[in-house]
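Structure record follows, encoded as structure tokens.
The numbers here are math on the coordinates, done by the rules we state, and not lab data. None of these values were measured; they are calculated from a predicted model. FYI the Cβ positions are ideal-geometry reconstructions off the backbone, even for glycines, and counts take in every protein chain you see.
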Amino acid sequence: MFYLIQLLNAVQYGLLLFLLSSGLTLIFGIMGVINLAHGSFYMIGAYLAYWLARLTGNFWLAIPLAIAIAFAIGLALETALIRRLYRRDHLYQVLLTFGLILVFEELRSIFFGDEVHGVATPAALDFSIPLTDTLSYPVYRLFVTAVCVAVAALLYWVIYRTRLGMMIRAGNSNREMAASLGINVPLLFTGVFAAGMALAALAGAVAAPISSVFPGMGNQILIVCFVVVVIGGIGSIHGALLASLAIGFADTLGKVIAAEYSAIAVYLVMALILLWRPQGIGNQA
């Protein structure tokens with residue numbers, strides 16, 4: 001039963017990684033933008049959930065408000081800064097987005113301080129399901145898993161079953177051809193960037209009651225997100241899902257089996273997958 005709990009934790013962590021990495025892989029794959037500030041929006045979502053939950057007294061209201069604010073920030077950033085770098089070398093993108101990390105961290109320190117904050121689990125989900133006499137599993141973790149599955153299904157439907165998804169895939173394959181077919185590529189890029197930021201903020205908001213809210217939390221998860229994007233295949237949503245689950249299992253089970261080597265497990269999985277499919281799980285050779 002102990003290992004069942006760890007398997008559930010692995011799935012929950014992997015799906016949470018998918019929320020983050022799906023937006024990152026779309027931005028990287030379609031727009032060609034290396035966005036180091038992506039993890040900052042995970043932090044922004046968590047801090048907004050903490051602040052808005054205290055302000056409104058309602059965690060369920062805080063989540064959509066946090067997503068809306070992150071989406072608006074994403075729109076502003078893409079319009080004012082990111083779109084100026086599409087035709088430039090990736091070094092400019094790295095420098096700009098690294099600068100944004102510093103800006104967001106300083107703003108976080110000014111508005112929220114440098115203390116660790118806790119977000120209370122919503123009362124309706126603040127209980128556990130008993131599995132044995134001594135072991136139980138928190139219902140809120142199951143809720144997070146359900147949210148991630150729902151978002152994954154929605155993303156799959158949008159990307160592969162709608163006209164918008166067709167335009168996104170066309171922009172991913174050949175942006176010049178997409179523009180010649182009448183697709184408004186700048187508007188598409190703006191929407192994709194803002195949506196990616198909103199997904200990262202959603203991940204941070206729903207994870208806040210589990211992991212707490214603390215300085216630098218976005219930087220810690222950013223590297224793992226890039227690992228997911230690389231082994232899943234640039235621009236591939238289903239690849240990101242498979243890669244996220246693989247990393248979730250490697251990290252969680254690695255900590256259970258050999259905690260001192262758990263940090264190596266993630267990168268070992270990455271190396272093995274890239275040896276097998278250098279282009280990533282979700283992309284064709």
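What to note about this one:
- Applying the condition of being in contact with a helix residue (DSSP H, G or I) (Cβ under 8 Å, 6 or more places away or on another chain) and either among the polar types (S, T, N, Q) or surrounded by fewer than 14 Cβ atoms within 10 Å (Cβ to Cβ) (or both) to the stretch 123-138 and asking which residue is nearest to residue 61 (Cα to Cα) yields 126.
- Of all residues in the stretch 66-112, exactly one satisfies the criterion of being hydroxyl-bearing (Ser, Thr, Tyr) and surrounded by 19 or more Cβ atoms within 10 Å (Cβ to Cβ), namely 97.
- Test: residue in the stretch 151-162 that is under 30 Å from residue 28 (Cα atoms), touching a Leu at 6+ places or on another chain (Cβ under 8 Å) and of a type outside the set (Gly, Ala, Ser): yes
- Within the stretch 8-55, the residues that satisfy the criterion of being part of a helix (DSSP H, G or I) and free of Cβ contacts under 8 Å to residues at least 60 places away in the same chain are 52, 54, 55.
- Here residue 33 passes the criteria (1) in contact with a strand residue (DSSP E or B) (Cβ under 7 Å, 6 or more places away or on another chain); (2) surrounded by 19 or more Cβ atoms within 10 Å (Cβ to Cβ) except the one numbered (1).
- Applying a threshold of 7 Å to beta carbon distances and a minimum spacing of six or more residues, or different chains, the list of pairs starting in the stretch 208-226 at a residue that is under 13 Å from residue 266 (Cβ atoms) and ending at one that is among the hydroxyl-bearing types (Ser, Thr, Tyr) and part of a helix (DSSP H, G or I) reads 221/42; 225/21.
Matching residues to (1) of a type in the set (Phe, Trp, Tyr); (2) under 22 Å from residue 246 (Cβ atoms); (3) touching a Leu at 6+ places or on another chain (Cβ under 6 Å):
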site	(1), (2), (3)
2	yes, yes, no
6	no, yes, no
36	no, no, no
57	no, no, no
63	no, no, no
68	no, no, no
71	yes, no, no
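- Selected residue (criterion: surrounded by the fewest Cβ atoms within 10 Å (Cβ to Cβ)) from residues of the stretch 177-210 that are small (Gly, Ala, Ser) and out of contact with any helix residue (DSSP H, G or I) (no Cβ under 7 Å at 6 or more places or on another chain): 182
Residues checked against (1) over 20 Å from residue 233 (Cα atoms); (2) of a type in the set (Val, Ile, Thr):
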residue: 139; (1), (2): yes, yes
residue: 145; (1), (2): yes, yes
residue: 159; (1), (2): no, yes
residue: 184; (1), (2): yes, no
residue: 187; (1), (2): yes, no
residue: 192; (1), (2): no, yes
residue: 199; (1), (2): no, no
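- Scanning the stretch 230-248 for residues that are of a type in the set (Val, Ile, Thr) and surrounded by 24 or more Cβ atoms within 10 Å (Cβ to Cβ) gives 231, 237, 247.
- Considering residues of the stretch 211-228 that are over 19 Å from residue 243 (Cβ atoms) and under 13 Å from the mean Cα position of the chain (by Cα) only, the residue surrounded by the most Cβ atoms within 10 Å (Cβ to Cβ): 218
- Scanning the stretch 97-119 for residues that are β-branched (Val, Ile, Thr) and part of a loop (DSSP other than H, G, I, E, B), we see that the one that is nearest to residue 210 (Cα to Cα) is 119.
- Hits in the stretch 161-178 - residues which are within 30 Å of residue 60 (Cβ to Cβ) and free of Cβ contacts under 8 Å to residues at least 60 places away in the same chain: 161, 162, 164, 165
- Applying a threshold of 7 Å to beta carbon distances and a minimum spacing of six or more residues, or different chains, the list of pairs starting in the stretch 253-265 at a residue that is closer than 16 Å to residue 2 by Cβ and ending at one that is assigned to a helix (DSSP H, G or I) reads 253/6; 253/10; 254/261; 254/262; 254/265; 255/262; 256/6.
- Subset of the stretch 140-176 (residues that are over 30 Å from residue 13 (Cβ atoms) and surrounded by fewer than 18 Cβ atoms within 10 Å (Cβ to Cβ)): 163, 166, 173, 174, 176
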